[in-house]
Number of protein chains: 2
Amino acid sequence: MITKIALDVPLAEGTEPFRSVDPTQNHVNTMDLGITRGDGIFEGLGVNHGTVQSLEPHLARLVRSAKMMDLPELDIDVIRDALVYAAKVHPPAPLLMQKLVITRGIEGGDTLTAFVQTWEGGNSPTEVSQGIRLVALDRGFRHDVAETSPWLLQGAKTLSYAVNKSVLREAARRGADDVLFVSSDGYALEGPSASLIARFGDTFLTPRTDQGILAGTTQHATFELLKEKGFTVGEELITMDKLATADNLWYVSAGRFFNPISHLDDRELVIDWEFTTPIHEMLLARTR
Amino acid sequence: MITKIALDVPLAEGTEPFRSVDPTQNHVNTMDLGITRGDGIFEGLGVNHGTVQSLEPHLARLVRSAKMMDLPELDIDVIRDALVYAAKVHPPAPLLMQKLVITRGIEGGDTLTAFVQTWEGGNSPTEVSQGIRLVALDRGFRHDVAETSPWLLQGAKTLSYAVNKSVLREAARRGADDVLFVSSDGYALEGPSASLIARFGDTFLTPRTDQGILAGTTQHATFELLKEKGFTVGEELITMDKLATADNLWYVSAGRFFNPISHLDDRELVIDWEFTTPIHEMLLARTR
C-alpha cells in the first residue's frame, strides 16, 4: 500500500493557502466536477532527494492545460509552494512521486479544488532493465485535430483519463506493458503517460507536440542532456513507417525517466544498455 | 443553490448496501480513480412524482458501460434499490433529477465507489418553449471508431466528460446553447448530454448507436410513443447533408425530455409546437 500525503490547497482569497491533511480521510465532495465530469487537470512530478524535478516546466504545462480548459487563472506561486512543502514534509526517500490535481470545484461554485499527493516510488533500475513491451493503438484522431478542433482538449493534461487507462487494459490483454498512441492517419504520438524518443544515428526525434500531445518535461530534460553530449535533437511528424527504421526507442516520463522499449507489437527492438543506463541515471540525479 | 442528497453505496460484501449521507460533507478520497482519472461511469435519471423513469433501460446501459470499462460485475439490485430509496427520501417535487456515479474506487483497492445524488430540477415548459440553438462541432472520430477501436470507450457513459463540458463552452462562445457532435467523416451523432431525433415526413430517425454514441433512454421512450401514434421510427447513419433536409429536429434527454431545436449553426429551423408540446408532456408524465 502506497502512503500518500494529501494537501488541500484552497485557492480562494483570505484563506490559508494550503494545509496538510490525513490522506485516509475523505476530502472531495461528491458534487466536485473532478469526480462527476473528470473536469480538471493534473501533473505528475518526480522528487530527487527532496528536489522537485523540472518544477517550472511542469508549472508552465499546468498553466497551458488550465488555459485550454478555460479554468480561472491559477495562483502558481501557491501551487509551487505546496509542491515544495509536500516534498519537504514527506519522510525522506531517494525518489518521491507527486501528483497535483486541480478541478473546476463544486458544481455551481466559484472555487477550484486542488490537492497534492506525495508517495515513495518511481522506477528501480531493475524494472528499467527489462525493457518495455509496447503495442501501437489507434488514438482515433487525425494528427492535426488539436488545430482543427481545440474543443477536443488534445494536448491538455485533463482528469478525463479513462481512455488512457482503458488502453493499458487492452495492452495487458495483448501481453504488453504499455501503449503507443497512433493518429488515425498513421503518425506515432505518445504513450498514455510517457513521451516517445526515437534514435536515428546521431539524431534523436520526438513527435511534434502540435499533434495534440503533451510537451514532455522529462523528454525536454533528456534532449538538453543529449544536446550537451553533441547529439542532434528535434520534434517531427513521425510516421509509423519511419518509426520502424529507428535504431532504438525509449519512453520517458517523470518517475520512469529513460526507459528502453524492447518490443513494438511483435517486433523485437535493439536495446543499447551502454547508452541507456548513464542517461537514465543522469535524469534520476537531476537537481532541478 | 441546488439541494442534493448524496447516497454512499459501498458495494463490498458484508457492509450495509447503502446509507444516506450529508451531501455538504466530503465522501470521496483524493486517491479515488474517479477524481484522479475520470475512471468510472454514470447515469442521469428523471423522477416523476416519485417514480424513477426508464429505470431498467438506465440500469441496462449502466451494465453496458461497466462492461466496456472492464469494471467488476455490478450488484444491480442494490443500485436499483439505492435509486428508488434516494427518490423516496427526497422532499417531494413534481420532477427530481438523479445522478448515479460509480468509480473504480481507490487506486490499488478492490472496492468500487458509488453514490446517488438527487435534486429538484429538470426543464420547465417555459425553458423548452425557447427552442435550442445548436452548433455542430467535430467529435474528431470516424463514425465507425467504436467498432475499430473499442479501447476509445466511445458509447460508454464514462466520468471522463471534460470534452463534453469543453464543447459547451465553445458553444457559448458562438452564442449557442448546446452542441451537435459530428463524426470526422460527416455523420450527425449526438449532443454532449442528449440524443438527436429528426423528422422526415411521417418518419422519425435517430443516429445509429453503433457509431459510438449512447443509446438514449428518453429517445427510446419517445420512439415508443411515436410508434403508438402510427409513425415510423428508425436508427440510421445520418449525414449532415441529409440532416439539413429534416422537417424538424429535437434533443431528448432525461430531465429535458422533448426539446425542439430552433437553430443549427446559422440556419433557423421550424419548430412545430402543436406536435412538440403533447409529446413533451407525455414524456414528463411517464410512470415507468
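The values are calculated or read from the model by the stated rules, or taken from the named source; none is laboratory data. Since the structure is predicted, the reported quantities are computational estimates derived from the model, not experimental observations. Please note: Cβ atoms are built from the backbone with ideal geometry, for glycine as well, and neighbour counts cover all protein chains shown. SASA here: full protein model, heavy atoms, side chains in, ligands and nucleic acids out. Shrake-Rupley method; radii C 1.70, N 1.55, O 1.52, S 1.80 Å.
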Table column - 3J(HN,Hα) (Hz), the range A:246-254, Karplus curve with 6.51, -1.76, 1.60, x for Gly and Pro = 5, 5, 8, 10, 9, 9, 10, 6, 5
Where q = 0.10, 0.18 Å⁻¹, what log10 of I(q)/I(0) comes from the Debye formula for the range B:111-198, counting one point per Cα?
-> -0.34, -0.97
For residues of B:145-158, the mean tally of beta carbons on other chains within 10 Å = 4
Label-to-label distance, nm, for residues given as A:GLU281 and B:THR287 (7 Å Cα→Cβ offset) = 7.8
Express in whole angstrom the spacing between the alpha-carbon centres of the range B:213-242 and the range A:223-254.
-> 50
Mind checking which of B:ASP138, B:ASP177, B:ASP272 has the largest fluctuation in a GNM of chain B, springs on alpha carbons under 10 Å?
-> B:ASP272
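What's the Kirkwood radius of chain B in Å, using all Cα pairs? Present the calculation step by step, with values, prior to reporting the outcome.
Working: mean 1/r = 0.0506 Å⁻¹.
Computed over chain B, the radius equals 19.8 Å.
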Could you provide, to the nearest whole Å², the per residue accessible area of the range A:26-92 with probe 1.4 Å?
-> 38
Per the Kirkwood definition applied to all pairs of different Cα atoms, how many angstroms is the hydrodynamic radius of the range B:236-282?
-> 11.7
Roughly how many debye, to the nearest 20, is the charge dipole of the range B:129-288 about its Cα centre, given +1 on each Lys and Arg Cβ, -1 on each Asp and Glu Cβ, and no other charges?
-> 540
Over the protein assembly as shown, what percent of the accessible surface lies on carbon and sulfur atoms, probe 1.4 Å?
-> 50
What's the average, rounded to a whole number, of partner chain beta-carbon atoms within 10 Å of each residue's beta-carbon in A:278-285?
-> 0
Residue-by-residue Karplus 3J(HN,Hα) for the range B:142-153, coefficients 6.51, -1.76, 1.60, Hz, glycine and proline x | 5, 5, 9, 5, 5, 7, 7, 9, x, 5, 7, 6
For A:THR203 and A:GLU235, calculate 0.36 nm times their separation in residues minus their Cα-Cα distance, and state this gained length in nm to one decimal.
-> 10.5 nm
Amide proton proximity set for B:ILE238, modelled H, under 5 Å, gap of 5+ = B:ALA188, B:ARG208
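When DSSP beta bridges are limited to those with both residues in the range B:140-275, what percentage is antiparallel, rounded to the nearest 5? Each step should come with its number before you reach the end.
Details: 16 of 21 bridges.
Close to 75 percent.
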The range B:47-130: which GluC sites (Glu not before Pro) are DSSP loop and have at most 13 other beta-carbon atoms within 10 angstrom?
-> B:GLU73
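Let me know the mean shielding of A:166-177 by other chains, meaning the per-residue number of their Cβ atoms within 10 Å of its Cβ. Numbers along the way, then the final one.
Numbers: counts 11, 4, 1, 3, 5, 1, 1, 2, 0, 0, 0, 0.
The shielding value for this peptide is 2.
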Ascending list, in nanometres, of distances separating the A:GLU120 label from those of the other copies (7 Å, Cα toward Cβ) = 5.4
So how much accessible surface do B and A hide from each other in total, probe 1.4 Å, in square angstrom to the nearest 100?
-> 4800
Mind checking the dipole of the protein assembly as shown: about its Cα centre, +1 per Lys or Arg Cβ, -1 per Asp or Glu Cβ, Debye to the nearest 20?
-> 320
Buried by partner chains in the range A:30-71 (accessible area down by at least 40 Å² vs chain alone, 1.4 Å probe, heavy atoms, protein only) are A:THR30, A:MET31, A:ILE35, A:THR36, A:ARG37, A:ASP70
With all protein chains present, calculate the accessible area of B:HIS27 using a 1.4 Å probe and round the result to the nearest 10 Å².
-> 40
For the range A:24-31, just list the computed ³J(HN,Hα) in residue order, Karplus coefficients 6.51, -1.76 and 1.60, θ = phi - 60°, integers in Hz, with x standing in for Gly and Pro.
-> 7, 7, 8, 10, 10, 7, 5, 9
Considering only B:GLN219, B:GLN25, B:GLN98, give the residue with the highest GNM mean-square fluctuation for chain B, with springs between Cα atoms whenever their separation is below 10 Å.
-> B:GLN25
